[in-house]
Each structure stands twice: as structure tokens, then as C-alpha cells.
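The values are calculated or read from the model by the stated rules, or taken from the named source; none is laboratory data. As the structure is a prediction and not an experimental result, all values here were calculated from the model. Cβ atoms come from the backbone with ideal geometry, glycine included; neighbour counts cover every protein chain shown.
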Amino acid sequence: MSLAASRRPVLADVVGRPATRLRALAVDAALVATGVAFVALLAKASFFIGPIPITGQTLGVIVVGAALGARRGATALTAYLLAGLAGIPVFAGPIAGPAYVLAPSFGFVLGFIPAAAIAGWFAERAWDRRPALAFVGFVAASIVPFLVGVPYMAAVLALVLGQEVTLPGVLGAGVWPFVLPGLMKAAAAALLIPATWALVRAVDRRSRR
């Protein structure tokens, strides 16, 4: 069985697909824009404990990826990144515009794109229907921004800000403080998305009566 054949509908597919390609593109654009706004809103729920803030962004990334699917989720987070670089204040801190590429946290924003795609990939295989499976998939997606963001943060601290960088210092600034919040956000998404699916099924059953 091919990967394409194994794809299951995600929550965004509940809205249905318009008959014409132009209308389908319009629906996808609206979904992507909604995803950008959702992540931007959660980004403002943040506080800094060092060079990297604890924010609601990862929760937004997971929810957007799972709800929209891999392709639209990655597109939404790409649009989110481009909006911030264009100067729209969508990131966690007050900085926006091209200069944000020199911020220690920019690598995490880059990592949001594949993270959304991975959350969407799991959702397209129905892992988002059960909390336990959803939690596993969402934790996997949550790890991805660290794989990009931590090395990027270390490079910015050393090469741009001229700070001494050590492995314990990097882990203390960019990994350990985020483990528990990350697990909590993955758990929240693993409750929210399956609960939304349960609501969709309940509404569908009532409409068939």
C-alpha cells in the first residue's frame, strides 16, 4: 500500500472539498491563514527564561499540523515564518522583520515547518483519533524544532552575540526548561484533537437521524 493510499481525512477535510479547483484553492488559503493566526495568537502567550521563550507556539504548531494535514500544515507554518520576516508581529517577542534571523530562537521557528508536517502525517494515518496514539505522534513532532533550533541558537550565541557556548549551557538554555512544558502541550493537543473528532462524529450521527 502506498503512502498516498493510506492517507485518512484530517479535521480540515470535514469542511468538504469544493467542486472547482479555484474554490478548493480558496478554501485551502483560508485554512492556511487561520493556521497562521492561531499560531501567532499562541505565540503571544510567552515568557522569557533565557534566550529562548516558553510559548504556546508548539501547541499551535501541533494543532495546526494535525488539523490541516501535512501539506497545508507545513504551508501554514511557512507562511507564518514569512509573515514574521516581513515585519508582521507574529513571533513571541517584539522583534519582527528580516533581523529576526539573527535571534537565538529563529531556528525553532524554522523547525516548526517540519514539525507541523510530521503532526499532519500522523493525523493523516488516524493517529489523532485516539489520545494515546496522538500523544506519541505529537511528542515526535514536538522534538523536531529542537533538532533545528538548538544548534541554531548555539551558533547565534557564539558567532553573533560573541558568548561562550558550552554543551551544558546550551542544554540548560534550549532543552531542559522546555521538556515538561513540551510534554504538557503535546498532551493538551492529544486531548483536544481526539475530542474534536468525537464531536464531529456525534454531529454526523445526529445529522443522519
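Of all residues in region 69-89, how many are more than 21 Å from Asp128 (Cβ to Cβ) and crowded, with 22+ Cβ neighbours inside 10 Å?
Looking only at that region, the number is 1.
Exactly one of these conditions fails for Pro194: (1) over 15 Å from Val14 (Cα atoms); (2) touching a residue at least 12 places away in the same chain (Cβ under 8 Å). Give me its number.
(1)
If you check Ala79 against the conditions, is it assigned to a helix (DSSP H, G or I) and free of Cβ contacts under 8 Å to residues at least 40 places away in the same chain?
In short, no.
Quick one: count up the residues across region 8-55 that are part of a loop (DSSP other than H, G, I, E, B), of a type outside the set (S, T, N, Q) and modelled with pLDDT under 90.
The number of residues fulfilling the criteria is 8.
How many of the residues making up region 71-129 are on the phi > 0 side of the Ramachandran plot and β-branched (Val, Ile, Thr)?
0
Residue by residue, here is whether (1) buried (at least 24 other Cβ atoms within 10 Å of the Cβ); (2) among the hydrophobic types (A, V, I, L, M, F, W, C) holds:
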residue: Ala96; (1), (2): no, yes
residue: Ala99; (1), (2): no, yes
residue: Trp127; (1), (2): no, yes
residue: Ala134; (1), (2): yes, yes
residue: Ser142; (1), (2): yes, no
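State yes or no: is Pro145 in contact with a Gly (Cβ under 6 Å, 6 or more places away or on another chain) and touching a residue at least 60 places away in the same chain (Cβ under 8 Å)?
Against the criterion (in contact with a Gly (Cβ under 6 Å, 6 or more places away or on another chain) and touching a residue at least 60 places away in the same chain (Cβ under 8 Å)), Pro145 qualifies.
Can you tell me which residue is nearest to the chain's Cα centre (by Cα) among those in region 38-59 that are without any contact (Cβ under 8 Å) to a residue 24 or more places away in the chain and more than 23 Å from Leu171 (Cβ to Cβ)?
Once the filter is applied, the top-ranked residue is Leu42.
Is it the case that region 168-188 has a residue that's surrounded by fewer than 20 Cβ atoms within 10 Å (Cβ to Cβ) and either among the acidic types (Asp, Glu) or over 26 Å from Ala92 (Cα atoms) (or both)?
No.
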